[in-house]
1. Going by the structure shown, is E53 of a type in the set (D, E, K, R) and over 21 Å from M296 (Cβ atoms)?
2. Quick check, is D220 among the charged types (D, E, K, R) and not in a loop (DSSP other than H, G, I, E, B)?
3. Is there any pair linking a residue in the stretch 237-257 that is assigned by TED's automatic domain parsing to the domain that holds Y215 and within 18 Å of S205 (Cα to Cα) to one that is of a type in the set (K, R) and assigned to a loop (DSSP other than H, G, I, E, B), with Cβ under 6 Å and at least six apart or on different chains, and which?
4. Mind checking which residues of the stretch 287-335 are under 23 Å from T167 (Cα atoms), of a type outside the set (G, A, S) and assigned to a loop (DSSP other than H, G, I, E, B)?
5. Restricting the stretch 87-143 to residues that are under 16 Å from the mean Cα position of the chain (by Cα) and of a type in the set (F, W, Y), which is farthest from D44 (Cα to Cα)?
6. Here is a list: T274, T309, T287. Which entry is touching a strand residue (DSSP E or B) at 6+ places or on another chain (Cβ under 8 Å) and modelled with pLDDT under 95?
7. Restricting to helices (runs of 4 or more DSSP H) lying wholly in the stretch 11-101: which have 1 or more residues that are of a type in the set (S, T, Y) and not assigned by TED's automatic domain parsing to the domain that holds T165?
8. Can you tell me which residues in the stretch 119-164 are at pLDDT below 95, among the polar types (S, T, N, Q) and not in a helix (DSSP H, G or I)?
Amino acid sequence: MTKIIGKQSVQFENPPIILGFSSVVGPKEGQGPIGEYFDKIVEDPAWGEPNWELAESKFQKEAAKLAVQNASLAMTDIRYIFGGDLLNQLIASSFGLKDYQVPFFGLYGACSTMAESLQLASMSIDGGFAEYSLAITSSHYCSAEKQFRFPLELGTQRPPTASWTVTGSGAIVLGKQGKGPKITHITTGKIMDYGVTDAMNMGASMAPAAVDTLYNHFKDLGRTPADYDLIATGDLGIVGKALVKTMLYEKGYKLEDNYTDCGLEIFAAVTQDTHAGGSGCACSAVTLTGYFLKKMQSGELNRILIVPTGALLSPVSSNEGESVPGIAHAVVIEN
């Protein structure tokens, strides 16, 4: 059996099994349409910490602990942690996970980090390099706003295209043996840059990357959108989702009612005043672990394609007038 499929995809000879997962979110996420599904809702976004960065680390530390517990394992059983976040030098991850003393791969894929971590963790399992690996990521509205946009104290007005960074963390434990959904295929995305310079319109900057990854996924595997119970992109929101449907249709693939976006699932955009929808590393992570995987457990979903998307900008690149490249990674999960 060849593991290399087409130009960008991989099929696993020994598909990694999802043994445990967790979702830890803030109060706004807990009040959203899928709030009842999350494992833990923290009512204080600061979680008793002196700054937002340490609060985000605490979300990630708790998500890791819960995922390992839900897999009926101990942290000492985990061979590798693959994880990251949005903050400079991945400080949410390094400060959140340092006490566990598990070999750590720090990853940055912006808001696509959950898919990147799942892809590499899956390769470590299928390749025989680990018996158990943990994939994890996080984001926090307040730490992300402070770093990428404006201090919260300014009360800066947000345009309709802006998204709301999800506060929370999602984690998944993968293993070689056991019971649970399996990761059967992955499609790793390319960096796509269509020249979008508006850092307040993440949907437009990331949509081309989602389209390219979806197109190559379908070509590599010889599949169509109808082969999935659910296709969910990362955090494109209202703007990006519409662009994906239009652009992919032009490439010969029509997305139907089985297509959604995590940024639209997690918030009620109008009543919660989140404009275009949710974003951030935790957006796709907690929607997957808190909502979609539980629907797979209940048998409502049997084969899903999750495609988290990321905007590869920094405060430096934005201030220098550079465009916002995007990336998207696809992961197939099957019962």
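1. Yes: the conditions hold for E53.
2. Yes, satisfied.
3. Pairs found: none.
4. P308, L312, L313, V324, H329
5. Step by step, filter the stretch 87-143, then rank; the result is Y108.
6. Step by step, each of T274, T309, T287 is checked, and only T274 is touching a strand residue (DSSP E or B) at 6+ places or on another chain (Cβ under 8 Å) and modelled with pLDDT under 95.
7. none
8. Within the stretch 119-164, T156, Q157, T161, S163 qualify.
The values are calculated or read from the model by the stated rules, or taken from the named source; none is laboratory data. Keep in mind that this is a model prediction, so the values were computed, not measured. Ideal geometry is used to build each Cβ from the backbone, glycine not excepted, and the neighbour counts take in all protein chains shown.
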